[in-house]
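To start, the structure under review is shown below, and the notes come after it.
The values are calculated or read from the model by the stated rules, or taken from the named source; none is laboratory data. Note that this is a predicted model, so its numbers are computed, not measured. Neighbour counts run over all protein chains shown; Cβ positions are idealised from the backbone, glycine included. Accessible surface areas use protein heavy atoms only, side chains included; no ligands, DNA or RNA. Shrake-Rupley method; radii C 1.70, N 1.55, O 1.52, S 1.80 Å.
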Amino acid sequence: MTVSNTSKRRQPSLAQLRAFSAVAEHLHFRDAAAAIGMSQPALSGAVAALEETLGVTLLERTTRKVLLSPAGERLAVRAKAVLEEVVALLEEAEAVRAPFTGALRLGVIPTVAPYLLPTVLRLVHDRYPDLDLQVHEEQTANLLEGLTTGRLDLLLLAVPLRVPGVVELPLFDEDFVLVTPLGHPLGGRSGIPREALRELNLLLLDEGHCLRDQALDICREAGVGGREGTPVTTTAAGLSTLVQLVAGGLGVTLLPRTAVRVETTRSDRLLTGYFSEPAPTRRIALAMRTGAARRAEYQELAAALREALRPLPVRVLGGDRPAPAVR
């Protein structure tokens, strides 16, 4: 049997690759050590051992900062890929051993988390007691980055996403309603035409929130203007602040139905108006990686969630319906 020179070489350990990958990401030994729960001397030793094993210099160290060498730039990509494959291997083994056990890292957008998480957490507690659910609230772009890199396992967010490599499991559609200050002519009305938005001072969330983009799409449908719609002079980081601005008389806003009970009961200076059919809507779904090792579990969880969400003011969907274009 012929043994190649490659097979005779010393092999780097996962600890060495993990240490180098952390330094490559943070470009700082202390921050990298904290990120992976390793002491700084141990991390420095692991990186030095990796350099010795590979026979190349990975880092350029100065008194002020750490830089990747040209070889380090190339090998950091390889190291990250190896670590991601190891994570996938462990997930596959965990899924084979027992469904709905171990950790499940769920990412949720801020305009969903306060209103759906009570239902999600109750369902997981009652039906899947051995599942270690870990919740991460972030904006859509960060959630998708986390899903595609393996930092997150499953997302709960508004769709359609139209992202390659991501599969959507639709849960429900919900209408938007118009929230106005007390005394507003549209407050408490039903059958409000979308065209009424042309004359309103609409308050929106900050850039980066998908709900802001959905509101602008609704404005565009109503003929308010181009992609940016009506000029926005006041924004907020969250729906709670947005609703308080409305209560203070600064304008009106759009809320998804699931948020209405939580947000509008905090003030007696708010009224809710309802649009004429078809009302503007958004669709909420779970999203997973294509070919996820726990695909069957996520599909079962989606089915269980649809049933658990029926008491909410939403239209629950079947699991095989495609995501529609934003109306």
remark   = Computed over the chain: longest principal axis from alpha-carbon atoms vs helix 295-308 long axis, angle to nearest 10 degrees, is 20
inquiry  = For His136, what accessible surface area do you get with a 1.4 Å probe? Give it in Å², rounded to 10.
reply    = 60
key: Distance between modelled label sites at Arg189 and Arg162, nm, 7 Å Cα→Cβ extension   = 3.3
Where N is the number of residues in the chain, Cα Rg divided by 2.2 N^0.38 Å = 1.24
Label point distance in nm, Val86-Thr148, each placed 7 Å from Cα along Cα→Cβ = 2.4
task = Please give the calculated 222 nm ellipticity per residue for the chain, where each DSSP H segment of at least 4 residues contributes -39500 (n - 2.57) and the sum is spread over every residue; nearest 500 deg cm²/dmol?
result = -13000 deg cm²/dmol
For the stretch 19-24, 3J(HN,Hα) per residue [Karplus equation, 6.51 cos²θ - 1.76 cosθ + 1.60, θ = phi - 60°, Hz, x = Gly/Pro] = 5, 5, 4, 5, 5, 4
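Counting only protein heavy atoms, what percent of the accessible surface of the chain is carbon or sulfur at a 1.4 Å probe?
On the way: 8690 of 16620 Å².
Of all accessible area on the chain, carbon and sulfur atoms account for 52 percent.
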request  = Find how much the distance from Ser13 to Leu250 grows on full extension, using 0.36 nm per residue of separation minus their present alpha carbon separation; answer in nm with one decimal.
outcome  = 79.4 nm
inquiry  = I need the calculated FRET efficiency for the pair Glu199 and Arg122, taking r as the beta carbon distance and R₀ as 56 Å, to the nearest 0.05.
reply    = 0.85
query = How far is helix 40-54 tilted, in degrees, relative to the longest principal axis of the Cα atoms in the chain, given as a value from 0 to 90 rounded to the nearest 10?
reply = 60
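Subtracting the Cα-Cα distance from 0.36 nm times the residue separation, let me have the gained length for Asp268 to Ala237 in nm, one decimal. The partial results should precede the final answer.
Numbers: separation 31, 0.36 × 31 = 11.16 nm, distance 2.20 nm.
Length gained, Asp268 through Ala237: 9.0 nm.
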Model label zone, Ala93; criterion: amide N under 15 Å from point 7 Å along Cα-to-beta-carbon; scope the stretch 10-28 = 14-15
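What accessible area per residue comes out for the chain, rounded to a whole number of Å², with a 1.4 Å probe?
Values: 16620 Å² over 327 residues.
Value returned for the chain: 51 Å² of accessible area per residue.
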